[in-house]
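Nothing in this text is a laboratory measurement; each read-out follows from the coordinates by a stated rule. Note that this is a predicted model, so its numbers are computed, not measured. For neighbour counting, all protein chains shown are included, and Cβ atoms are generated from backbone atoms with ideal geometry for every residue, glycine included.
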Amino acid sequence: MPQVHVLGPDELRAAHVLFAASIHRDTVTDADWDAASRSYSPGRTVGVADGGALIGTATSFPTRTAVPGGAALDTSAVTRVGVRADRTRRGVLSAMMRAQLDEAVGRGEPLASLRASEARIYGRFGYGVASRGRHVSVNGRGAGWRREPAGEVRLVLGADIEPTLTALHDALALRRPGGITRREAWWRWQVAQPVEKHEHLIAAVHTGPDGDDGFALAVPLSEGTFAHRALKVNDLHAADDDATAALWAFLTGIDLVDRVDGWLRPVDEPLELLLADPRDCSVTGGEDETWLRLVDVPVALAARTWGDGPPVLVGVHDRLLPANDGVYRIGGGTAERADSPPELECDVDALAMAYLGDRAPSLLAATGWWRVHDATAPARADALFATDRLPWCGTYF
Ligand SMILES: CC(=O)SCCNC(=O)CCNC(=O)[C@H](O)C(C)(C)COP(=O)(O)OP(=O)(O)OC[C@H]1O[C@@H](n2cnc3c(N)ncnc32)[C@H](O)[C@@H]1OP(=O)(O)O
């Protein structure tokens, strides 16, 4: 079994370079390392060494994830995972994943979360797809909206962008299951550095009847000529569909813009229903977004709210963290351990797929992710796990 150690500050640059190489990115310059080094949370980067050189690394940073009902749970956000190309498939990642989970347990973080380079990697470590997104492309010139966008949209410029958007994001993102808090490093990459480099950022804020209730951050794509630009929405959070519609209408209405692309937008963002011609929005793709790991199943289940209806008994299996094994009785607004045979059973990755409300238990049962011992249980579980809106995060890391 590869030996995992927590990296000291003097090993972080090697870890950064190793991860960059693993995803086929360039090595880091001295100037870029100065900024990148500050994005590592102290004591949260692990590595495996061989022959005096680092051959595997993974890091995490602390965040909070909103769960159904509005609670926000401490979460280990796992990122920058890489193994040197000549040392893969020898258990290096497996050892680092185990070490990271043990650390999350030790820190009392009930959840871990990541974004996966490939969908085949993380299920074996108990991570399941808990939110998804779709890629969209909306016509610029000529796209009409079914009703006049409500409220006002204003541009925010330069040094005002980061504080304005940070405050709005924190107020908006945790309203929806799957939303996470952002760290300062995220805003540095997305806003502060581009502003310092005088890059063109379009930061728009929507004001509704109760004040500022949405924002969008877009950048021009390099394709096209100045008179035929495409924009890419890097960030768009809004309190309701009116604010969402107004922000999209603003972006698509900017002069010289032929098209506005959105990446990993919420699956239920109702653009086709808001546009006068639904074909002005094309869905160009879709992907998993949040890979969620319930590190402490009893705490995670107790933290979310549940729908109405008769209770259900769910048996959970967790190969890596057996303290989570057991049967949970969900119902009456709570979830508690029970000493009864399960009516449904699942592994901890498949529990994550239903936990935030992304997938209905009956669908997970029908597709073999959950096992059914009582034919009436999936419908009961559906009512309990159901949420008003699909989960979505909107922060890629
Ligand atoms: C959260 C993020 O940072 S996402 C970015 C992840 N990094 C990358 O994609 C960079 C390129 N890839 C890599 O660095 C490595 O291949 C990693 C990190 C994906 C895997 O590291 P490894 O040390 O090879 O994994 P390890 O040997 O522990 O494999 C564990 C199991 O997962 C399987 N596995 C690992 N990676 C893959 C993969 N890419 N595709 C399919 N199966 C995989 C292995 O076959 C093994 O299966 P087994 O338990 O049945 O034998």
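A few remarks follow.
- Given their separation in residues at 0.36 nm each and the Cα-Cα distance between them, ALA53 and GLU336 gain 97.2 nm when the chain is fully extended.
- Between the range 98-173 and the range 295-358, the alpha-carbon center distance in angstrom: 25
- Distance between the 7 Å Cα→Cβ label points at ASP255 and GLU272: 3.5 nm.
- Label-to-label distance, nm, for residues given as ALA150 and HIS198 (7 Å Cα→Cβ offset): 4.2
- Note that the range 214-223 has calculated 3J(HN,Hα) couplings of x, 8, 9, 10, 10, 10, x, 7, 6, 5 Hz, one per residue in order, obtained from phi through the Karplus relation 6.51 cos²θ - 1.76 cosθ + 1.60 (θ = phi - 60°); glycine and proline are x.
- Multiplying the residue separation of ALA375 and ARG25 by 0.36 nm and subtracting their alpha-carbon distance yields 121.0 nm.
- Backbone amide hydrogens, once placed in the peptide plane, bring THR181 within less than 5 Å of ARG64, excluding anything fewer than 5 places away on its chain.
- Fluctuation leader among PRO42, PRO298, PRO110 - the chain, Gaussian network, Cα springs under 10 angstrom: PRO42
- Gyration tensor verdict on the chain (Cα atoms; rounded if a/c is under 1.5, prolate if a/b is larger than b/c, oblate otherwise): oblate
- ARG389 versus ALA85: modelled label distance in nm, points set 7 Å from Cα along the beta carbon direction: 4.3
- Computed extension gain for ALA14 through ARG175, at 0.36 nm per residue and net of the alpha carbon distance, reaches 54.1 nm.
- Under a 5 Å amide H cut-off, with hydrogens placed 1.01 Å from N, HIS237 pairs with PHE215 among residues at least 5 apart or on other chains.
- Here the Gaussian network model covers the chain, with springs between Cα atoms less than 10 Å apart; of ALA35, ALA143, ALA130, ALA35 fluctuates the most.
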